[in-house]
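Below you'll find the structure, written out as structure tokens, and then a few comments.
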Amino acid sequence: QKDSPYPKNLMTVCETFTINRPGNTVVEWRQNNEDWPSNLVDCEILARTNNNRGSYVYNVSLWSNWNATYIDYNVRHEAISFVDRPYKSDQHLKNAFRHPIGLPDEMTPQQWRGGYK
């Protein structure tokens, strides 16, 4: 990352199973049992190691802007993602195309229409 930094509009997030834990802790990452990624937090990659199975595992620092240190090690590649930084995606550009989408009232459920009681 230091030699070839990512674009400024992107950030890395990591899935961690231990979102509620004491500060200044180092824990081994383990797979979350849910079908959908949960507990995605801002992270910074500290080190990458070849796991001798054709993939890499990482040591990451979570919530890098907090006062405490939270480190997960042996984080699988699949647990790390790139996302847009808040308010940095294309939808927030000043010249982004915006146009109201008009739908006839008959195409919307009664509950969505104003004045429903």
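What you get for the chain, charging only the Cβ of Lys and Arg (+1) and of Asp and Glu (-1), is a dipole of about 280 debye around the Cα centre. Rounded to the nearest 10 square angstrom, Thr18 shows an accessible area of 20 square angstrom against a 1.4 Å probe.
Put a plus charge on the Cβ of each Lys and Arg, a minus charge on the Cβ of each Asp and Glu, and nothing anywhere else: the dipole of segment 1-44 about its Cα centre is then about 160 debye. In a DSSP loop and with at most 12 other Cβ atoms within 10 Å, the chymotrypsin sites (Phe, Trp or Tyr not before Pro) in segment 36-117 are Trp66, Tyr87, Phe97, Tyr116. The candidate values were [x] 1.84; [y] 0.94; [z] 1.17; the one computed from these coordinates for Rg/Rh (Cα atoms, Kirkwood Rh) carries the label [z].
Within the accessible area of the chain, the carbon and sulfur atoms contribute 49%, probe 1.4 Å, all protein chains present. Using the Cβ-Cβ distance between Thr18 and Asp84 with R0 set to 22 Å, the FRET efficiency works out to roughly 0.30. Per residue, the chain exposes an accessible area of 81 Å² to a 1.4 Å probe, with every protein chain left in place.
The values are calculated or read from the model by the stated rules, or taken from the named source; none is laboratory data. Predicted model, so just to flag it, every value in this text is computed and none were measured. When we count neighbours, we look across all protein chains shown, and the Cβ atoms used for this are built from the backbone with ideal geometry, even at glycine. Accessible surface areas use protein heavy atoms only, side chains included; no ligands, DNA or RNA. Shrake-Rupley method; radii C 1.70, N 1.55, O 1.52, S 1.80 Å.
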